[in-house]
Structures are given as structure tokens and as C-alpha cells.
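The values are calculated or read from the model by the stated rules, or taken from the named source; none is laboratory data. Here the structure is a predicted model, which means the values were calculated and not measured. Cβ placement follows ideal geometry from the backbone for every residue including glycine, while neighbour counts extend to all protein chains displayed. Just the protein is used for accessible areas: all its heavy atoms, side chains included, with ligands, DNA and RNA removed. Shrake-Rupley method; radii C 1.70, N 1.55, O 1.52, S 1.80 Å.
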Amino acid sequence: MQGFATAVTPVNLLFAVMGVLLGTAIGVLPGIGPAMAIALLLPVTYGLEPTSAMIMFAGIYYGGMFGGSTTSILLNTPGESATVITAIEGHKMAKAGRAAQALATAAIGSFVAGTIGTALLATIAPWVVKFAVSLGNPSYLAIMLLALIAVTAVLGSSKLRGFAALGLGLAIGLVGLDPVSGQGRLVFGQPLLADGLDIVVVAVAIFAIGEALWIAAHLRKTATHTIPVGRPWMGKADWKRSWKPWLRGTAYGFPFGALPAGGAEIPTFLSYITEKKLSKHPEEFGHGAIEGVAGPEAANNASAAGTLTPMLALGLPTNATAAVMLLALMQLGVQPGPLLFEEEPKLVWALIASLFIGNALLLLVNLPMAPLWAKLLQLPRQYLYAGILFFATLGAYAVNLQAFDLVLLLVLGTLGFAMRRFGIPVLPLIIGVILGPRAEEELRKSLQLSGGDPAGLFSEPIAVVVYVIIALVLLWPLAAMLFRRLFPKAAAELEELVEPVVVEPDSAAAPGEAAEPAEVKVMDIHGPRHSGKTHR
């Protein structure tokens, strides 16, 4: 109740409305995700009160997850990988003149799933905190290593590229003076590097500059053609066919969001398959079934609440947006981890309360404003990304008012562009920058407690269990290879069913250019290059 009292103050309500509006607008524009938006706004929040800043960022996160469904339904071009499944049935509904119903079930499903997910977050997070506080340094080190390895090993089909990105992140985290001996590490005689790389500059460069350069390199000037939409509404039959998929989607989304590298892609896929199996109208799937929009959209938003559980309770980010929000907490002088609930209860509970308010605002704002969001899709993309580059540069310079930061911004932005060019995932790098120094601190404390004996790293039962899980994660490719050799037919069928894909950011086609009715534009991540590919 104290959290609600803080969240409903006029200033915090204003930041919640700003976050929801910004998040939805950003989610609607293909290629710009909530992670980039929060990274761009990090320098702006220096003078803000931490609670207000985090409430705005949470609004951006939820709004961004919802806004991506608009492009999927109206353009058949998902704004992010979490809304690929929505495009399959949503665009079919729009082509059949039912865009209003598709947008309505997406909005209401997001509200239902977000509200249930936030209630689960408020219930489960304190229990997770009680468990985490009882852990010692060896166990917490093991959990951090699990987060680093799980996120790296699961992303993409190439483990080598994932671990290369993680290595880059850990190296960036090492820059500066050694916390114990005071020796310079990777400073190359440059005094300005003694305090390490500013996390704001790293986040803005990798997300905003790298993404803007990548999309600009593939930018086409073809005009966007959207399907006209009126005020979203649903008939009695639509309500009857949507409410069960909303609940099932929530059940899939929340637990996957809380897992390292779980994300929203797997639960949206599972939700779609489940609805297809359980539907009384299976013949409509592939031709515009409303269940195929309701379930995945609920799973999408429920995963956002799940993501915040380990972020707030353990200080562990499980996706890119959570990683940047964690950076924001650290920038605002708040130390993430199990003690966050005890040291900053006002911030944590106001943030959780604001999620309930933000979900209601999302529904109130997006149902009447759907036609306006559709017009936003016609914004010239060259102006949009020029503005992003300008504000990213201005924000990075404003952090320390040093021209050296602009050099770092350019170098790291070029690195972000190169990583996208060669199919190297960005998330392991960011998580390496965040968790690397913290894992090093836990490692040193563990060894100090054991007098330098490595056996001290295995001195707690939880640590041993986590190391066994890490071994299983690393040995999984070997087990998969043996399965392919022993059962080639079953393996071929399984791989065809769950082929991993991520959304292509407008490289194979013009922005907003719709594909054929039965197709969704995605990116093949099996090869070293971003090759355009269309899956039916």
C-alpha cells in the first residue's frame, strides 16, 4: 500500500504516463526496442529521483512489449522477435478487415497478462529475496556464472559467437583500476580510463549507435503502406474465444521470463502451438484465428513481469531491457541484489505498484489511440535514425562533459555495428559488463574466506547444485549431437519444428513493406551473415 501511495503521486503518475506513451511509440516503430529507448534516456535521468526514473523505464518496457504487436498486425513486420508469432494470425485478420479486433485482443490480453504477472512478481519476489539473502559468497558466485553461461549458450545457434560476445563484455568490465591492488587494467596509459568505462556510454553505444548504424546501412526509402484501422473493439464471440488463450499465455510467459535467456520468444511459440491444438476452429489457423493473437500477446507481456523478478530479487538481468534497467539502477546509485528490498523498499514497491497502474494506462491509452499509432508508422525512417544518433551523442557527452567519451561512443558503436553484421549477439556483452565486476568481487571474497583454497568455491550445497546445472548446459550440445546420430529421423522432425529465428531489422525489404499474406519476415541466424530469409 505504501508502494501505491508513492506511485500515485502526481510526479510519478506523470512519469508513468510518459513511459507508457514513449514505450508504445517505440514499440510501434520497427527496429527500435525498449532496450534502445532506455539506453538513450539514461543520461537524462541523472537528475531524477531513482523511483521516478525506474517507474518511467518500467512504463517504456511494458509499452514497448505491447507496441510491437501493432506493426505485426498492420504491416506483417514484427518490431521485435517476441511479436513474430503475433504476425502470423494478426496480419491475416487485418487483411480480412478485422484489424480492429486483432488490436483489441492484443491490448486486452496484454493488460490481463501484465496484471496477473505483476501480482505474481509481488508475491514471489520477496520469497526469492529471503532465499537469496541466506546464500553465501560461493553460492552467489555460482548463480552469477550460471546467468552468464546460460544467456550466452542459449542465444543463437553458434556458441562460439555467444562466448566471444561474453568475453568482450568481461574485458570491458575489467577496464580501470584493480579494486584490491590498485593496479591499472587495460588502461593503456590513459588516465581517463582509470575509473573504467562509463556504463551509460557503453549501453548507448552498443544499443543505440550500433542498432542505428545497422538499420541505416539497410535503409530503403520506400513509403510505408499500412492497413486502415478504426477504434478497436471485440464482439461477444471474440471475447469468448480470447479469454482462455489470455490465461494460458500468461501461464507460459511468466516462468519463461524469469529464466536466464528464457525471453518471450519460446512462450509465444508454445502458446501459439497450444491454441492451435485446443481450438474449436483449427481450420481458421493460418487464415486469421483470433486465438493465435490473444495467446502469444498475453505470453509476451507476462514474460515482461517474469523478467523483473530475478532483476529485482537477485540483481540478475535475463534480457537486454532488464540489463539496461539494471545499468540505470547502478547509475542512480542504487546497488542491485538481494538486499535491494531491504535497503530500498520505497523504490521497489513503488515500481511494482506502478506496473499495475501502467497496465491500466496501457489499456486506456492504446484502445482509443490505435489509429494514431498506425499513422506513426509513416514517419520517414531516415529522419528517425538521424535523430537517434544525435540524441545518443548528446546524451553520452552530457554524462561527463568530456570529448573522450565521444571517441569511446564511436569505437563501441562501431563494435555494436560489427557484432550485428557478423551475427554476434549483443546481450552477452552487456551482461558481461554488468555481472563481470560483481562476479569478480564474489570470487575474491570466497577465496579470502577459504584462505585461497579453491575448494571454498564448492563449500555450499547450492553452489554445488548450480555448478552441476552449468555442466549440463555446457554439455547439452554434445548430448544433442549424440541424439542426432542415434535418432536421425526424430532429430530432423524436431529441428524443423523449433528452428530458431529472430526478426530481421528491415535489411531484406523496405521498411514497412508487407510480405506475401502467408509469410513473416525473419532472419536466419545459422550463418555468419545476416541473410534475408522468409519462412512460410
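The table below lists the values:
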quantity	calculated
Surface/4 estimate of mean projected area, convex hull on alpha-carbon atoms of segment 374-477, nm²	12.2 nm²
Residue-normalised accessible area of segment 98-151, expressed per residue, 1.4 Å probe, Å²	30 Å²
Gain in span if fully extended, ALA403 to ALA96, counting 0.36 nm per residue against the direct Cα distance	105.1 nm
Contour excess over end-to-end distance, with Cα ends at HIS287 and LEU486 and 0.36 nm allotted per residue	67.8 nm
For MET54, solvent-accessible area (1.4 Å; no DNA, RNA or ligand), Å²	0 Å²
Of LYS346/LYS445; LYS92/LYS280; LYS95/LYS240; LYS240/LYS280; LYS276/LYS489, those spanning more than 20 Å from alpha-carbon to alpha-carbon	LYS346/LYS445; LYS95/LYS240; LYS276/LYS489
Inter-probe distance in nm under a simple model that places probes 7 Å from Cα toward Cβ, at PHE391 and THR123	3.8 nm
Binned Cα-Cα distances of segment 107-158, short to long, each 5 Å bin given as a whole percent	4, 16, 13, 13, 15, 19, 13, 5, 1
Most to least accessible of ILE431, ILE273, ILE357 (protein chains only, probe 1.4 Å)	ILE273, ILE357, ILE431
Rg ratio (alpha-carbon, reference 2.2 N^0.38 Å) - segment 8-112	1.16
Dipole magnitude of the chain about its Cα centre (Cβ charges: Lys, Arg +1; Asp, Glu -1), debye to nearest 20	1200 debye
Karplus 3J(HN,Hα) series, Hz, for segment 401-414 with 6.51 cos²θ - 1.76 cosθ + 1.60 (x for Gly, Pro)	6, 10, 5, 4, 5, 5, 5, 4, 4, 5, 5, 5, x, 5
Distant-in-sequence amide H partners of GLY184 (H built 1.01 Å from N, under 5 Å)	ASP178
Per-selection metrics, segment 303-407 (Cα): Rg and Dmax in Å	17.9, 47
Sulfur and carbon atoms: percent of accessible area, the chain [1.4 Å]	69 percent
Whole-Å semi-axes of the chain's equivalent ellipsoid (Cα gyration tensor)	35, 26, 25
